[in-house]
Amino acid sequence: MSKNHTKQRLKNTQYQSKKRQSILAYSALFLSTLIWALATVVIKITLNYIPLFTFLFYRFLIVGLVLLPFVIKELQKVKVPKSDLPTLVLLGILGQSGILLIFAGIKYTTTIDAAILGAIAPLFIIAGGHYFYKDKLTPKLKKGMVLALIGTLIVALEPIFAPISHNAEAIINTQTYSTTWRIIGNILVLIYNVSFAGYIILSKEVMGEKSPVLTGTLKEVSIKPLKGKYTPFLHTALSFYIALGTFLPFAVLEKVGYFGATPTTFSIAEITIVPLMGLLYMALISSIIAYTVFQWGLDRTSASDTGMFSYLGTVLTLPFSFVLLGELPTGITLLGTFLIAAGVVIAEKKG
């Protein structure tokens, strides 16, 4: 009797430990989602002060300088085989260099539009998780996905019938809200969502969750399976340096006027408080903190769980867009976001 009691206590302890880990993992995903929801608005505001490529370059330069001593310490403990470099570079391009697409997209569309299209990204993530890693799609997950997708479609169609709020036009240059540029911006955001889904799926491979299908796909493009063992921090940090190297030449060309009629007049030495706060937020909070926390949560959940949780990004962006930009959601938008939130609750509910 005593022996059975001991086994039961051990079983309960293990269950409670697993439950705590699950709660922490979901909390980590929520925190990163919240940070990135605000980042959408921060990007929009900061791009009014700092040119696109210059903004991206300084963002990753700050990140690189802050992380350098920690990265050096990590690299002293981990050997990076040369055969892993192509995969790590690909990871950096998909997850970090690809951020150019979302920055450019947000510049030419509204933050609410960007958030709406961001809600579609989990569908790519879930599909990829199911295809490459055989992540199970439970009945509740499927129902939640359908409900969230209906909400996304409702919100996505809303801009066709409702004009942009007057407050938003007063804060942001109305030229960026023309129909043509909004379409271009939305397309760029959508392409980024595909890129980020690829980043998440490839991240699972880096974290050690091998997929025969993904391994075969990588071989077709001459990329071999990873041999090294990388922590979430290390492979995220390495992707930041890849992005820094990617944006350096473009920032130089932008400075001399290659992408415009005249050279840019922005000077980091004369930066004012608003763009400085935006730059620091994107570098320290949205990059270092959010990506590290996100990778930690990703390592302890499935790709499908990560994808469903990302739907909340759309809901969380709306209040930030209103408070900081004056973008007002309509009744149709609120209905759609309610359905998205309900879908997430249903999908994530256990039992």
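What follows is calculated from the coordinates using simple rules that are stated; it is not laboratory data. Quick caveat: nothing in here was measured; it's all calculated off a predicted structure. Cβ: placed from backbone, ideal geometry, glycine included. Neighbour counts: every protein chain shown.
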Can you give me the distance in nm between label points at Val66 and Lys224, each placed 7 Å from the Cα along the Cα-to-Cβ direction?
3.6
Obtain the nm distance between the two label points defined at Lys19 and Gln76 by a simple spin-label model: each point lies 7 Å from its Cα along the Cα-to-C-beta direction.
4.2
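Arranged from highest to lowest average of other beta-carbon atoms within 10 Å per residue, in what order do the peptides 210-218, 276-284, 124-132 appear? If you can, show how the numbers build up before the last one.
Details: 210-218: 14.4, 276-284: 18.6, 124-132: 20.6.
The peptides rank, most packed first, as 124-132, 276-284, 210-218.
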Using the Karplus curve 6.51 cos²θ - 1.76 cosθ + 1.60 with θ = phi - 60°, what ³J(HN,Hα) values do you get for each residue of the range 185-194, in whole Hz, with x for Gly and Pro?
x, 5, 5, 4, 5, 5, 4, 4, 4, 5
Pop a pseudo-label 7 angstrom from the Cα along the beta-carbon direction at both Glu209 and Met277 and give the gap in nm to one decimal.
3.8
Which of the pairs Lys79/Lys134; Lys77/Lys227; Lys107/Lys204; Lys18/Lys204; Lys142/Lys204 have their Cα atoms more than 25 Å apart in this structure?
Lys79/Lys134; Lys107/Lys204
Kindly write out, for the range 47-60 in residue order, the coupling ³J(HN,Hα) from the Karplus curve 6.51 cos²θ - 1.76 cosθ + 1.60 (θ = phi - 60°), rounded to whole Hz, with x marking Gly and Pro.
5, 6, 10, 10, x, 3, 5, 5, 4, 5, 4, 5, 4, 6
Zone residues, the range 78-119, relative to Ile191, backbone N less than 13 Å from point 7 Å out along Cα-to-Cβ:
98-106
